[in-house]
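My questions will all concern the structure given below.
The values are calculated or read from the model by the stated rules, or taken from the named source; none is laboratory data. All figures in this text were calculated on a predicted structure; none of them were measured in a lab. Virtual Cβ from ideal backbone geometry, glycine too; neighbours counted across all protein chains shown.
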Amino acid sequence: MKVVLIKAKENYISSKPGPGRPPKFDKRIETAAKKQEAAIIALEEAESHQNLMKEEIQKIGKVYHPVNIETGKLQETEEVSKSLDECFSKIESIANEANLHERSMKRIQKAKK
């Protein structure tokens with residue numbers, strides 16, 4: 001958007017302006033730059049939430065396995081249950097921070113059961 005406004009300003013300056021007040025290109029460009037910056041920050045936050053969520057989901061796969069991958073011994077049910085609860089609590093906190101829709105929150109609750 002910012003690039004389009006800059007080109008429009010250049011075209012306006014290079015052509016013969018018509019009657020009336022000139023458009024406030026600088027203000028429009030400034031507003032577009034602020035919106036772009038906010039969008040970039042929102043994108044970075046969303047990507048961060050997505051990466052954290054992926055890590056926790058992968059962790060569930062490792063924790064849920066009946067055999068401890070590192071030791072090769074069977075895991076206790078209490079230990080697995082505790083680890084799963086920790087994973088799901090982290091997932092819920094990430095989902096709340098990301099302001100996910102109610103539908104997504106219900107899916108998380110369903111998976112937790």
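So, S81, is that one in a helix (DSSP H, G or I), under 13 Å from the mean Cα position of the chain (by Cα) and of a type in the set (S, T, Y) or not? Talk me through it step by step, then tell me what you get.
Details: in a helix (DSSP H, G or I): yes; under 13 Å from the mean Cα position of the chain (by Cα): no; of a type in the set (S, T, Y): yes.
Answer is no for this residue.
Can you tell me which of A39, A32 is assigned to a helix (DSSP H, G or I), surrounded by 11 or more Cβ atoms within 10 Å (Cβ to Cβ), of a type in the set (G, A, S) and in contact with a Lys or Arg (Cβ under 8 Å, 6 or more places away or on another chain)? Step through it out loud before you land on a result.
Details: A39 fails: in contact with a Lys or Arg (Cβ under 8 Å, 6 or more places away or on another chain).
Just a single option satisfies the conditions, and that option is A32.
If G61 meets every condition in (1) in a helix (DSSP H, G or I); (2) farther than 30 Å from V4 by Cβ; (3) under 22 Å from the mean Cα position of the chain (by Cα) apart from one, which number is that one?
So G61 meets the others, but not (3).
Which residues, counting only those in the stretch 64-78, are surrounded by fewer than 11 Cβ atoms within 10 Å (Cβ to Cβ) and outside any strand (DSSP E or B)?
Listed by number, the residues that qualify are P66, I69, E70, T71, G72, K73, E76, T77, E78.
Restricting attention to the stretch 12-29, which residues are assigned to a helix (DSSP H, G or I) and at pLDDT 75 or above? Before you say what the answer is, go through the steps one by one.
Initially, the stretch 12-29 is screened for residues assigned to a helix (DSSP H, G or I), giving 12-14, 25-29.
Matches in the stretch 12-29: S14, F25, D26, K27, R28, I29.
Another question, if that's okay. Out of all the residues in the stretch 71-104, which are touching a residue at least 12 places away in the same chain (Cβ under 8 Å) and within 20 Å of N51 (Cα to Cα)?
Across the stretch 71-104, the qualifying residues are S83, L84, C87, F88, K90, I91, E92, I94, A95, E97, A98.
Here's another thing I want to ask about it. Has the stretch 89-104 got at least one residue that is modelled with pLDDT of 90 or more, assigned to a helix (DSSP H, G or I), exposed (fewer than 10 other Cβ atoms within 10 Å of the Cβ) and not acidic (D, E)?
Yes; the residues of the stretch 89-104 include at least one that is modelled with pLDDT of 90 or more, assigned to a helix (DSSP H, G or I), exposed (fewer than 10 other Cβ atoms within 10 Å of the Cβ) and not acidic (D, E).
Something else about it: Cβ-Cβ under 8 Å, sequence separation 6+ or interchain: first residue in the stretch 20-46 and more than 11 Å from K2 (Cβ to Cβ), partner outside any helix (DSSP H, G or I). Which pairs?
So the pair list comes out as E45/A98; A46/A98.
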